[in-house]
Each structure stands twice: as C-alpha cells, then as structure tokens.
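Structure record follows, encoded as structure tokens.
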Amino acid sequence: MANVSLRNVKKTYVGGFEAIKGIDFEVGDGQFCVLVGPSGCGKSTLLRMVAGLETITSGEIDIGGRVVNQIEPADRDIAMVFQNYALYPHMSVYNNMAYGLRNRRMAEPEIDSRVREAAKILELGALLERKPRQLSGGQRQRVAMGRAIVRQPKVFLFDEPLSNLDAKLRVAMRVEIRKLQRRLKTTSIYVTHDQLEAMTLADILVVMNGGQVEQIGNPLDIYRTPATTFVASFIGAPPMNLMTLTAQEIAAQFAGDSRAPTAGGILGVRPEDLEITTSQGHAGGLALDLTVEAIERVGPETFVYGARGGDSHAVSAKPGELPPGEVIVRVPGQIAPAIGDRIRAVAPRAKLHLFAADGRSRIDV
C-alpha cells in the first residue's frame, strides 16, 4: 500500500487548452479517494495522469514516496479498472484474470493461488471456466476487478467502472466495491460523475470543476459546509436552493451580524432544511411564500417545487424581498400540498448558507 501525492499537477494540450490547472492533494495509505464532477471537468484526465496514460505538463505525482512522472505505467505498481471492462472475449474468466501475471512470468502455482483467492473474494469461483459473453454486466465488472486484485498493487484506480450498469446493479456493485476496498485496505482513487456514488464511497472527496479542485474533504463535511455555490449545487440531490441577494437584503436577513458582507451575496438553503408551516409569523431565520408548481413522490419522502415571485418575500426580523425563482422543499412521507396551493416554507438561521456574490467563497455568519 502507499500514499499518493499530487503537487501542482498541470496538463496543457497543444493549442494552449488547460485541462488540469494546478492540483494539489494527498490520498493517505489505505484511503478511498473519489474524484467527482461534471463531464469535462478533468477528473478522468487526472486519473490517467496518475496511471501514466497521460503525460504531465508540470508538477509531480508521487506514489509510495517515489515520483513517477517519467515512469512507465507498467512500472508504477498500480492496477486500473475501466468503464468498459476490457476483457478478452476468447479467454475464460480464469485466463482473463491470470493473463497479466503470466505476462510478468510469474510461476503458475502462484498465479493459480492468486486467481482462486480473488475469485473467492468476488464470488466468481463457479464462473472461472466461462467466457465473458456468458456473464452478466455485473459479473463482467467483477472479473475486471479480479484482474486488478490479483496484481496486488499499491494503488487501485477506477475510471467510472459502474456507468454501464443498470441502476439497481450499480447500487449493489457500489456496496461490493466499498466492502472489497475495506477488506483489502488498498489505496484507491475512483472517478465518477455521480455525486451519490461519490458520497457513499469516499473517505476523501475531491470535487472538481473546470480543471480545478473546488473542495476537498470528508463527504459529510463538504455536504454540510460547501465552499462554493458550485459545490452546494452539485453535491446533494436535489441540489441546494440558491438565491441572489442585494446588499440591502443581506443586511435585512443577517441584521446585527458583523460578519455579514456589505455587498450583495448568494443565500443557500438545502431542501430538507425547509419546513412547510401554516404560521404567518416567523422570528428570525428564513421564510418563503411559494406557489406549488410540481410534486415528486419518491417513496419515503416528497419533493415540493414552489415558485417565488410577485408578492413572495423572505421574512426575517426585518423582511427583505427576494427575486423570483424556484425553491425545492423536501417533506417526509407522501403527504404534500396540491399543485397551485400557496404555502410558506421556513428554515432556521443556523441552517442558512451565505456565499460571496461571485459564488467562489463561503461566508460564515
């Protein structure tokens, strides 16, 4: 096992396009790190740089105390699991898992021991003589992971390995990958665009956007205290409600707080932190008058989509009017107002988030 350190890593393509704009972070020995962000943010490029499949323009990548910038992929002591499985169709499951070890001229008894141990871990023992075409998608992905496990590398790299699976199987495989990593205690870096997948898998979460890191940390800490409006809207389903406020609205909403900015800002509140109330009075915090436009019932909870506007107001100790927009309220159970109803949604002051007007920094008030 090994630490993985990235120090001011950059990637610039011919023509001047900066895919990676100077990234620093460290994955501790045995940690599960997830790189998450929208398509095109650079997460797969960064993973491929760690693997040695993409060259580094500048900076350093260190695996286990060794800078690997100029070291070939085969010599980095890593194993990679790809999105498309990349299995040899003419080979059995056993031979697919053994192929890389035979290329390294490992003794057959050792190969057999490693393959059968990995097959036992992944519950593939009964499938070792089958060809990939005889397997389900989930079984093929387990074979791809088995091929990585038998290498016994210092680091596992996963490039969106579950994106080809259906929703139910993705959940099951997500659980299996996390259990497997905890059992093997191998340092792992995992790429996904699915924020739910990222939240449930990660020890350390790296949120990327536009070739840069927006925030690094424990998944729950990032959820509770997002550093930017991008993180606030990307991490969480449904996303955080964000409302642009003028300087006067900030002063009204955060009256008496010397930390509140004198310029405008962006106010955020998560859907689960809003509560529908029949009371017209509200001391402190936030209150929004909404017109219900849509209802989503998803079993144990319901999402209520309400529109502000017209005579909608944010009510605090000193009310300040907010601009029109949509607000999502998460309510427990399946009881919800009807479309067209007027409702009031409230949130306590402690549950509000405030960001600078450009959305690039968090303001703690």
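The values are calculated or read from the model by the stated rules, or taken from the named source; none is laboratory data. Keep in mind that this is a model prediction, so the values were computed, not measured. Note that we place each Cβ from the backbone using ideal geometry, even for glycine, and neighbour counts take in every protein chain shown. With ligands, DNA and RNA removed, areas are computed over all heavy atoms of the protein, side chains included. Shrake-Rupley method; radii C 1.70, N 1.55, O 1.52, S 1.80 Å.
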Worksheet item: Is there any pair linking a residue in the range 86-113 that is in contact (Cβ under 8 Å) with a residue 40 or more places away in the chain to one that is among the charged types (D, E, K, R) and open to solvent by 80 Å² or more (accessible area, probe 1.4 Å), with Cβ under 8 Å and at least six apart or on different chains, and which?
Response: Pro89/Arg133; Val93/Glu129; Val93/Arg130
Worksheet, complete the sentence: Considering residues that are at pLDDT 90 or above and in a loop (DSSP other than H, G, I, E, B), the number found within the range 86-103 is 6
Worksheet item: Which of (1) free of Cβ contacts under 8 Å to residues at least 12 places away in the same chain; (2) within 30 Å of Gly40 (Cα to Cα) does Lys154 not meet, given it meets every other one?
Response: (1)
Item to complete: Could you identify the single residue in Thr262, Thr200 that is outside any strand (DSSP E or B), more than 25 Å from Val304 (Cβ to Cβ), at pLDDT 90 or above and open to solvent by 10 Å² or more (accessible area, probe 1.4 Å)?
Response: Thr200
Discussion item. Looking for something of a type in the set (Asp, Glu) and farther than 22 Å from Val50 by Cα - is there at least one such residue anywhere in the range 127-145?
Written reply: yes
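Could you run through the range 26-41 and say how many residues are of a type in the set (Gly, Ala, Ser) and within 18 Å of Phe234 (Cα to Cα)? Lay out the reasoning, then the answer.
Step one: filter the range 26-41 for residues of a type in the set (Gly, Ala, Ser), giving 28, 30, 37, 39-40.
Applying the additional criterion that residues be within 18 Å of Phe234 (Cα to Cα) yields 37, 39-40.
Number satisfying all stated conditions: 3.
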Worksheet item: How many residues, within the range 300-323, are open to solvent by 30 Å² or more (accessible area, probe 1.4 Å) and either at pLDDT 85 or above or charged (D, E, K, R) (or both)?
Response: 6
Discussion item. Quick check on my filter: what residues within the range 204-243 are part of a strand (DSSP E or B) and open to solvent by 40 Å² or more (accessible area, probe 1.4 Å)?
Written reply: Asn209, Gln212, Val213, Ile216, Leu242
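To keep it simple, each residue is scored yes or no on (1) farther than 30 Å from Gly28 by Cα; (2) in contact (Cβ under 8 Å) with a residue 24 or more places away in the chain.
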site	(1), (2)
Gln212	no, yes
Asn218	no, no
Val231	no, yes
Pro238	yes, yes
Gln248	yes, yes
Ala255	yes, yes
Glu272	yes, yes
Thr277	yes, yes
Worksheet entry | Identity of the residue in the range 64-114, within 28 Å of Gln31 (Cβ to Cβ) and among the aromatic types (Phe, Trp, Tyr), that ends up most open to solvent (accessible area, probe 1.4 Å) | Phe82
Response to the item:
Per the list (1) at negative phi; (2) modelled with pLDDT under 90, residue check on Leu352 breaks on (2)
Item to complete: Can you confirm whether the range 184-197 contains a residue that is surrounded by fewer than 18 Cβ atoms within 10 Å (Cβ to Cβ) and free of Cβ contacts under 8 Å to residues at least 24 places away in the same chain?
Response: no
Worksheet entry | Selection count, the range 271-299, where residues are at pLDDT 90 or above and in a loop (DSSP other than H, G, I, E, B) | 1
Worksheet entry | Residues that are at pLDDT below 90, open to solvent by 10 Å² or more (accessible area, probe 1.4 Å) and out of contact with any Phe, Trp or Tyr (no Cβ under 9 Å at 6 or more places or on another chain), drawn from the range 153-172 | Ser163, Leu165, Asp166, Ala167, Lys168, Leu169, Arg170, Val171, Ala172
